[in-house]
Amino acid sequence: MKTKKPDKQRKRAAEAPLHRRQKKLSAILEKDLREDFGRRNLPLRSGDEVKVMRGDFKGKEDKVRDVDLNDTKVTLEDLEVEKVDGTEVRPKLDPSNLMILDPDLSDREREDIIKRSGGEVSEEFKKEKEEVEEEKEEEEEEEQEGFKCEICGDTFDSKQGLNVHKGKAHPDYMKS
């Protein structure tokens, strides 16, 4: 039997086993995703792109960095707050204040969750995700082609070529 007493509600939430806490760490899906997946919400996982819907950070979009089952809170990658002493900390957000914009479907279990509820991850959605991932990989490959001189910005095929360039073109830099 369920109880209405707040103290018992808090106690049950604090003593809940991890499999129940995982369900509490769910966030609503964007409207387009709701129609595609056939469900209203999904459990949050690292890598999901979310939007903050309430609180001081309302409107910010970011990726989930960490999901804390003990506190039933979520931290985001780029969201930081400066404390009075000047240190930067990541605030812990309640998952009920978040909306999933782009779920991380790299995990097979995530797709199974969607299929169990009668929804389906469309082939178009998978293709779009793959295209975006391929573009990111291409950009990373372009960035990693060659070694760039920090001083003048010239690019070289090998690290040895870069070091030779620095020795000839920037002898002052090599002394320090």
Can you tell me how much longer the chain between Arg10 and Val164 gets when fully stretched, taken as 0.36 nm per residue apart minus their C-alpha distance, in nm with one decimal?
48.8 nm
Report relative contact order for the stretch 71-134 in percent, whole number only (criteria: Cα-Cα under 8 Å, sequence separation at least 6).
20
Let's see if you can work this out: charge +1 on each Lys and Arg Cβ, -1 on each Asp and Glu Cβ, no other charges. What is the dipole magnitude of the chain about its Cα centre, in debye to the nearest 20?
2240
So what's the angle, to the nearest 10 degrees on a 0 to 90 scale, between helix 159-169 and the longest Cα principal axis of the chain?
50
Backbone HN-Hα couplings from phi across the stretch 55-70 [Karplus 6.51/-1.76/1.60, Hz, Gly and Pro as x]:
x, 5, 9, 3, x, 6, 10, 6, 9, 6, 8, 8, 10, 9, 6, 5
Taking H as built 1.01 Å from N, whose amide H comes closer than 5 Å to the amide H of Leu76, not counting residues under 5 places away?
Arg65
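Using only alpha carbon pairs under 8 Å that are at least six residues apart, calculate the relative contact order of the chain and give it in whole percent. Can you show the working numbers first?
Working: 215 pairs, mean separation 31.4, N = 176.
The normalised contact order for the chain reaches 18 percent.
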Set of lysines near Lys159 by C-alpha distance (under 17 Å), chain-local residues within fewer than 8 positions excluded
Lys148, Lys168
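Here are some pairs, Lys5/Lys73; Lys2/Lys24; Lys58/Lys115; Lys51/Lys73; Lys51/Lys92; Lys11/Lys83; which of them have Cα atoms lying more than 20 Å apart in this structure? The partial results should precede the final answer.
Numbers: Lys5/Lys73 24 Å; Lys2/Lys24 17 Å; Lys58/Lys115 31 Å; Lys51/Lys73 15 Å; Lys51/Lys92 14 Å; Lys11/Lys83 31 Å.
From the list (Lys5/Lys73; Lys2/Lys24; Lys58/Lys115; Lys51/Lys73; Lys51/Lys92; Lys11/Lys83), the Cα-Cα distance tops 20 Å for Lys5/Lys73; Lys58/Lys115; Lys11/Lys83.
Find the percent of Cα-Cα distances in the stretch 71-167 that exceed 15 Å, and round it to a whole number.
Details: 3633 of 4656 pairs.
Result for the distance tail: 78 percent.
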Please list, in order along the stretch 102-118, the HN-Hα scalar couplings obtained from phi with the Karplus expression 6.51 cos²θ - 1.76 cosθ + 1.60 (θ = phi - 60°), rounded to whole Hz, x for Gly and Pro.
9, x, 7, 9, 5, 8, 5, 4, 5, 5, 4, 4, 5, 5, 4, 8, x
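Quick one: dipole size for the stretch 21-75, taken about the Cα centre, charges +1 on Lys/Arg Cβ and -1 on Asp/Glu Cβ, in debye to the nearest 20. Mind showing how you got there, number by number?
Numbers: 15 positive and 12 negative charges, 58 e Å.
The calculation lands at about 280 debye.
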Once label points are set 7 Å from the Cα along Cα→Cβ at both Val81 and Arg20, what is their separation, rounded to one decimal in nm?
2.9
re the chain: pairs of Cα atoms spaced beyond 19 Å account for a percent value of 70
Go through 87-95, 12-20, 25-33 and give me the packing order, highest mean Cβ count within 10 Å leading.
25-33, 87-95, 12-20
Residue (of Asn41, Phe125, Gln160) at the positive-pole extreme of the chain, dipole from beta-carbon charges:
Asn41
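Every number in this text was worked out from the coordinates using simple rules, so none of it is lab data. These numbers were taken from a predicted model, which means no experiment stands behind them. Neighbour counts are summed over all protein chains in view; Cβ atoms, including those assigned to glycine, are modelled from backbone coordinates with ideal geometry.
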